[in-house]
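What follows is one structure encoded as structure tokens, with my remarks underneath.
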Amino acid sequence: ADRAAISEDLDTGVGRVLAALDRLGLSENTYVIYMSDNGGGGGGRGPLSGGKGSLGEGGLRVPFIVRGPGVASGSWCHVPIVGYDLFPTYLEWAGVKEMPDRLEGGSIASLLRGDGGRVHRPAEELVFHFPHYQSGDGPHSAIRLGTSKLIKFHETGRVALYDLAVDIAERHDLHGDMPDRAADLERRLDAHLARIGAAMPVVNDLYDPDRETTTRRAAGGARR
């Protein structure tokens, strides 16, 4: 019931926004982008692994729906995109001819027009970086190139390699079977994070796990 109520409330709110744009005559020159910042919590992700706070496909794959000029109703596209493609897209829509330096993404305007093709980014691969402890995975990063995806766990240095074309659930780690592919993706990932100056996890010398366990037990909870 809670999930149904949340869905109905969101659907109603989005509908009111779209109706207002139509009523005010703004639909012909306004793009509306509907997306999520991360995958869902709880169930409902089907075979996908992970969720909110994870770089598994259950955490990375999100709704992305666009209404606007030149976007055909009922159309869809299978080209992978990422959130940081939006800024270059906005620049193209605004008529900016020269993109700023150090952009990670590329404009998806041609995909929305139905022109097909690919997104032209400074680097071919897609990179995701989560140097936090929100999920059970701890700090980790991921890189996708084609259908290959590598996840690197920064606390242990472990890497896992998956072929999303045949293993969307990320159950079969190919790192041992394809060491050269894994090494190439790890090099690309490390180089990308260094190039953009990504924040990395650091050791907290003041951390006392015994004290945290005692504190959480007193509060009625425990760290998992």
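The values are calculated or read from the model by the stated rules, or taken from the named source; none is laboratory data. Because the structure is a prediction, the values reported are computed rather than measured. Here Cβ is always computed from backbone atoms with ideal geometry, including for glycine, and neighbour counts include all displayed protein chains. With ligands, DNA and RNA removed, areas are computed over all heavy atoms of the protein, side chains included. Shrake-Rupley method; radii C 1.70, N 1.55, O 1.52, S 1.80 Å.
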For region 88-109, how many residues meet the condition of being open to solvent by less than 40 Å² (accessible area, probe 1.4 Å) and either touching a helix residue (DSSP H, G or I) at 6+ places or on another chain (Cβ under 8 Å) or among the β-branched types (Val, Ile, Thr) (or both)?
7
From the residues in region 152-172 that are touching a helix residue (DSSP H, G or I) at 6+ places or on another chain (Cβ under 7 Å) and outside any loop (DSSP other than H, G, I, E, B), which one is farthest from Val202 (Cα to Cα)?
Leu161
Kindly indicate the residue of region 192-209 that is open to solvent by 70 Å² or more (accessible area, probe 1.4 Å) and part of a helix (DSSP H, G or I) and also nearest to Glu155 (Cα to Cα) among those meeting that condition.
Ala194
Residue selected from region 84-143 under the condition hydrophobic (A, V, I, L, M, F, W, C) and in contact with a Ser or Thr (Cβ under 6 Å, 6 or more places away or on another chain), by the criterion farthest from Ala194 (Cα to Cα):
Ala109
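Here's the yes/no breakdown for (1) open to solvent by less than 80 Å² (accessible area, probe 1.4 Å); (2) modelled with pLDDT of 90 or more; (3) more than 21 Å from the chain's Cα centre (by Cα); (4) not β-branched (Val, Ile, Thr):
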| residue | (1), (2), (3), (4) |
| --- | --- |
| Leu111 | yes, yes, no, yes |
| Leu126 | yes, yes, no, yes |
| Ser135 | yes, no, no, yes |
| Gly138 | yes, no, no, yes |
| Ile143 | yes, yes, no, no |
| Asp163 | yes, yes, no, yes |
| Pro179 | yes, yes, yes, yes |
| Glu186 | yes, yes, no, yes |
| Asp190 | yes, yes, no, yes |
Do any strands (runs of 3 or more DSSP E) lying entirely in region 32-151 carry at least 1 residues that are farther than 17 Å from Leu189 by Cβ, and which ones are they?
32-35, 64-67
Please work out which one of (1) touching a residue at least 12 places away in the same chain (Cβ under 8 Å); (2) open to solvent by less than 60 Å² (accessible area, probe 1.4 Å) is the condition Ala5 fails and give its number.
(1)
Inspect region 21-34 for any residue being surrounded by 14 or more Cβ atoms within 10 Å (Cβ to Cβ), in contact with a helix residue (DSSP H, G or I) (Cβ under 9 Å, 6 or more places away or on another chain) and within 30 Å of Ala160 (Cβ to Cβ) and give the result as yes or no.
no
